[in-house]
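Here the structure comes first, spelled out in structure tokens, and everything after it is commentary.
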Amino acid sequence: MERRVGAVLGWLARGLALFGGVILAAVAVMTVASITGRALIFAGFGPVKGDFELVQLGAAIAVFSFLPWCQLQRGHVTVDILADRLGPRIKSALGLLGNAAIALVALIVARMLWLGMLEKFCFSPQDPAIGWLWEVLSIAEPFCWVEATYELGLPAWWGYALGSLGAWLFAVVALYTVWRSVNETMRGEAP
């Protein structure tokens, strides 16, 4: 069961990481075009309008898109100076503690990002539960937001919403890695 769940999460995390890579590549191309345009102002060119807003939005989306894949592949930075001398069961237990800490942080970040998105939309998280749920599911106006970017006028909640997808998948993957670590510890396998 663990491997099947891991395969599904791996497919989702890989797809989201590829999406983040495309976003980051687009931001890089746009940055080059904007800098080139600034250098060629004398020739009638100019910078890309709202370039800094697009870089902020794209970088945030990309970072949250990469986190699930990084967690699933054990790609986070670890300090193994002492752990290399320990047995496999203790290494697995240390991995379990690290994964549990990351899962807790991931859940907090995902929740706060979701609440931030709601706050940037037409309502605040302090509204009665059924109120915001009703607005999200059925009657929210398509152009209703309380904050937008300065130059392009993009709704701020768009970045929060796209970042939330990655943050929630990161939280689910982190919980999965806790499960994986529990099984490794019980089997006495090194991570």
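Tabulated data
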quantity: Rounded to whole Hz, the Karplus (6.51, -1.76, 1.60) HN-Hα couplings of the stretch 85-96, x for glycine and proline; calculated: 8, 9, x, x, 5, 6, 4, 5, 5, 5, x, 4
quantity: Spatial separation of Cα centroids for the stretch 1-31 and the stretch 35-73, in angstrom; calculated: 18 Å
quantity: Rounded accessible area of E2 (nearest 10 Å², 1.4 Å probe); calculated: 30 Å²
quantity: The chain - percent relative contact order, Cα under 8 Å, separation 6 or more; calculated: 32 percent
quantity: Heavy atoms of W114: accessible area, 1.4 Å probe, square angstrom to 10; calculated: 80 Å²
quantity: Amide H contacts of A148 (H built 1.01 Å from N, under 5 Å, at least 5 apart or other chain); calculated: A156
quantity: Area of V22 that stays accessible when all protein chains are in place (1.4 Å probe, Å², to 10); calculated: 100 Å²
quantity: Heavy-atom SASA rank of T177, T185, T78, T31 (probe 1.4 Å, accessible area, largest first); calculated: T78, T31, T185, T177
quantity: Amide H partners (placed H, <5 Å) of L86, local residues excluded; calculated: none
quantity: In the stretch 41-114, the trypsin sites (Lys or Arg not before Pro) that fall in loop regions by DSSP, at most 14 other Cβ within 10 Å; calculated: K49, R74
quantity: J(HN,Hα) series, the stretch 180-189, from Karplus relation 6.51 cos²θ - 1.76 cosθ + 1.60, nearest Hz, glycine and proline x; calculated: 4, 5, 4, 5, 5, 5, 5, 7, x, 8
quantity: Accessible area (Å², per residue) of the chain, counting only protein heavy atoms and a probe of 1.4 Å; calculated: 61 Å²
quantity: The chain - charge dipole about Cα centre, Lys and Arg +1 at Cβ, Asp and Glu -1, debye rounded to 20; calculated: 800 debye
quantity: Net charge of neighbours whose Cβ lies under 15 Å from the Cβ of Y160, counting Lys and Arg as +1 and Asp and Glu as -1; calculated: -1
quantity: Accessible-area ranking of V77, V29, V182, largest first, probe 1.4 Å; calculated: V77, V29, V182
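The values are calculated or read from the model by the stated rules, or taken from the named source; none is laboratory data. All figures in this text were calculated on a predicted structure; none of them were measured in a lab. Note that each Cβ is placed from the backbone with ideal geometry, even for glycine, and that neighbours are counted across all protein chains shown. The protein model used for the area step is the full one, side chains on, heavy atoms only, and it has no ligands, DNA or RNA in it. Shrake-Rupley method; radii C 1.70, N 1.55, O 1.52, S 1.80 Å.
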